[in-house]
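The values are calculated or read from the model by the stated rules, or taken from the named source; none is laboratory data. Values in this document were obtained by computation on a predicted structure and should not be read as measured data. A quick note on method: Cβ atoms are made from the backbone with ideal geometry, for glycine too, and the neighbour counts reach across all protein chains shown. With ligands, DNA and RNA removed, areas are computed over all heavy atoms of the protein, side chains included. Shrake-Rupley method; radii C 1.70, N 1.55, O 1.52, S 1.80 Å.
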Amino acid sequence: YKACKGILDSLKELGYRNNELRMNFISNYETIYVNSSIFAHEGRHVIDKNIGKFSAQKLEYRAKLSEIYFSAHPFLAMSSIFISNIGQNTPHGKANEQIVINLVKWMEKNKNEIKDFDDSGPTLPQLDLLTSKQLKTAIQSMEPFLSNSPG
């Protein structure tokens, strides 16, 4: 919701209305989705397969980090993490689970920086309290090319 609202609001600020707004929203959404899920994700596979030997799960984990980090709207890219295979014993399912686990750890470590974070409630449902910048910072902390993370 947050990502879609951000796209919609930015188009409204540019003056789009009615059908023109709808068409530009669809076009922008599709471009953002293709850029992150195809170019960033699949491009990362190409890079990783040329620099080392990684398990299928590690390849998916690293590709999904790139998908989120390089997205114009990282919350939109998160929709590929919260899908029915999360936690399943597949490379995608395990990668999605690891990203969520690491994201929760990051949020708990940085809770004082998250506006309106509620210590008394569970952490993950408060994901929407993060700004896009905070989400990118969290992903960066997991990303071996952008941090000291072992990846």
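Overview of results
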read-out: Percentage relative contact order, the chain, counting C-alpha pairs under 8 Å, at least six apart; value: 20
read-out: For peptides 53-66, 78-91, sequence by mean Cβ density within 10 Å, most packed first; value: 53-66, 78-91
read-out: Cβ-defined net charge surrounding Met78, 12 Å radius [Lys, Arg +1; Asp, Glu -1]; value: +1
read-out: For Rg and Dmax of the Cα atoms in Å, calculated from these coordinates, the label among (i) 16.4, 50; (ii) 17.6, 53; (iii) 19.6, 61; value: (i)
read-out: Listed residues Ser55, Ala77, Ile114: farthest to the positive end of the dipole of region 1-114 (Cβ charges); value: Ser55
read-out: Phi to ³J(HN,Hα) by Karplus 6.51 cos²θ - 1.76 cosθ + 1.60 over region 35-42, Hz, x for Gly, Pro; value: 4, 7, 6, 9, 5, 6, 5, 5
read-out: Solvent-accessible ranking of His45, His73, His92, largest area first, probe 1.4 Å; value: His92, His73, His45
read-out: Ranked packing of 9-18, 121-130, most packed first, by mean Cβ within 10 Å; value: 121-130, 9-18
read-out: With every protein chain in place, region 40-98: carbon and sulfur % of accessible area (1.4 Å); value: 55
read-out: Charge context of Asn35, other residues only, Cβ under 14 angstrom, K/R +1, D/E -1; value: -2
